[in-house]
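The structure appears right after this line, and notes come after that.
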Amino acid sequence: MKKLKKIDLRVSLAGLKLKNPVIAASGTFGYGTEYTGLAEPGDFGAVITKTITLAPRPGNRPPRICETASGMLNSIGLANVGFEAFKNDKLPRLVEKKAVIIANIAGNTIEEYVELAKKINKISHIPALELNISCPNVKQGGIAFGTDPSSAAALTKAVRKVYKKTLIVKLSPNVSDIAAIARAVEKAGADALSLINTLYGMAVDIKKRRPVLGNITGGLSGPAIKPVALYNLYKAYHSVKIPLIGLGGIMDHRDALEFLITGAVAVQIGTANFVNPSAAKDILSGLAGYCRENNITKITKLTGILKC
């Protein structure tokens, strides 16, 4: 059989067209320019910004990051420059890189999310929004929006009313039934879902007998969480009809293939960026090679072909 020379790597997320399915995950690629000289935003199908909030946030006290077996813990605390500084200082530099930009946003109340979504809706260079619903809802006693179907739906519905472009909701795995959350936000107007966000975790310094992280707990990412991420993706794929973006421990093209075959339209690369700044290029090369070897003309033909 003659091997294909060119593979169509293009994908679409509810109308958001990407040249390839590999996306830089929020918080792992900065504002898109920090990797200059190592990796280019244009290597990715899209770049998701570091989480943006209305006002600047200093984040949690250090230490904020520590290595774990097959992964890492982070407790950044959504440290960011705030919307105005992002719009005026960070965004123009990212636009110059000619990347598809997805803004990740967070807030303490639905009203904050809505106000931020309104502002970003007016920015022509940002065609999509990713809601970080793992944040605590201060009006509901600090319970995270993403842990309850009704809260997740209420937030999604409120943002949907004011945001007219592609709306992606990022789901937390720290729930009893992620399928219920997925169905709730789909019904509330989400165009696509990203899953999963990090898992809760902590580490202890046995010499000091203290938590390693300044905030005690943090979010676990990296290869250690891949099986959990795949399971949650599988559950969501069989529960909703909107496109899914898979993430959680994707380090090479084999990992990416597992997510695509399980049901993802695209994948996000997070921890891998810290280990290998060329991860996106390497993964895309591997995906194209797999397609050639299996006589697959389009990457989209891999989505959801899992045999059970």
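Observations
- Qualifying positions in the range 281-308 - under 25 Å from Ala99 (Cβ atoms) and exposed (fewer than 14 other Cβ atoms within 10 Å of the Cβ): Ser285, Gly289, Lys298
- Asp148 satisfies every condition listed in (1) among the charged types (D, E, K, R); (2) at pLDDT below 95; (3) over 26 Å from Leu233 (Cα atoms) except (3).
- Selected residue (only one of Ala103, Ala99, Ala117 is modelled with pLDDT of 95 or more and either over 19 Å from the mean Cα position of the chain (by Cα) or more than 22 Å from Pro173 (Cα to Cα) (or both)): Ala117
- Test for Ser278: is it among the small types (Gly, Ala, Ser), surrounded by fewer than 19 Cβ atoms within 10 Å (Cβ to Cβ) and more than 25 Å from Ala179 (Cβ to Cβ): yes
- The residue that is nearest to Lys118 (Cα to Cα), counting only those in the range 148-168 that are polar (S, T, N, Q) and either touching an Asp or Glu at 6+ places or on another chain (Cβ under 8 Å) or surrounded by fewer than 18 Cβ atoms within 10 Å (Cβ to Cβ) (or both), is Thr166.
- Tyr35 vs. criteria of a type in the set (Phe, Trp, Tyr), out of contact with any helix residue (DSSP H, G or I) (no Cβ under 7 Å at 6 or more places or on another chain) and modelled with pLDDT under 95: yes
- Test for Leu247: is it touching a residue at least 24 places away in the same chain (Cβ under 8 Å) and under 16 Å from the mean Cα position of the chain (by Cα): yes
- Taking the listed residues Ala272, Ala236, the one that is over 28 Å from Glu186 (Cα atoms), in contact with a helix residue (DSSP H, G or I) (Cβ under 8 Å, 6 or more places away or on another chain) and buried (at least 21 other Cβ atoms within 10 Å of the Cβ) is Ala272, with no other qualifying.
- Applying the criterion of being basic (Lys, Arg) and touching a residue at least 24 places away in the same chain (Cβ under 8 Å) to the residues of the range 210-243, the residue that is nearest to Ile181 (Cα to Cα) is Lys235.
- Residue within the range 49-70 that is under 20 Å from Ala128 (Cβ atoms), surrounded by 14 or more Cβ atoms within 10 Å (Cβ to Cβ), of a type in the set (Lys, Arg) and more than 20 Å from the chain's Cα centre (by Cα) present: no
- Scanning the range 174-191 for residues that are under 16 Å from the mean Cα position of the chain (by Cα), of a type outside the set (A, V, I, L, M) and at pLDDT 95 or above returns a single hit, Asp191.
- Tally of residues being among the charged types (D, E, K, R) and within 13 Å of Ile110 (Cβ to Cβ) across the range 149-173: 3
- Considering the range 24-40, the residues that are touching a Leu at 6+ places or on another chain (Cβ under 8 Å) and crowded, with 24+ Cβ neighbours inside 10 Å include one that is nearest to Gly82 (Cα to Cα), namely Gly32.
- Residues located in the range 185-196, provided they are surrounded by 23 or more Cβ atoms within 10 Å (Cβ to Cβ) and in contact with a helix residue (DSSP H, G or I) (Cβ under 8 Å, 6 or more places away or on another chain): Val185, Ala190, Leu193, Leu195, Ile196
- Criterion (crowded, with 20+ Cβ neighbours inside 10 Å and not aromatic (Phe, Trp, Tyr)) met by exactly one of Leu199, Leu171: Leu171
The values are calculated or read from the model by the stated rules, or taken from the named source; none is laboratory data. Just so it is clear, the model here is predicted, and its values are computed rather than measured. Cβ sites come from the backbone with ideal geometry, for glycine too, and all protein chains shown count toward neighbours.
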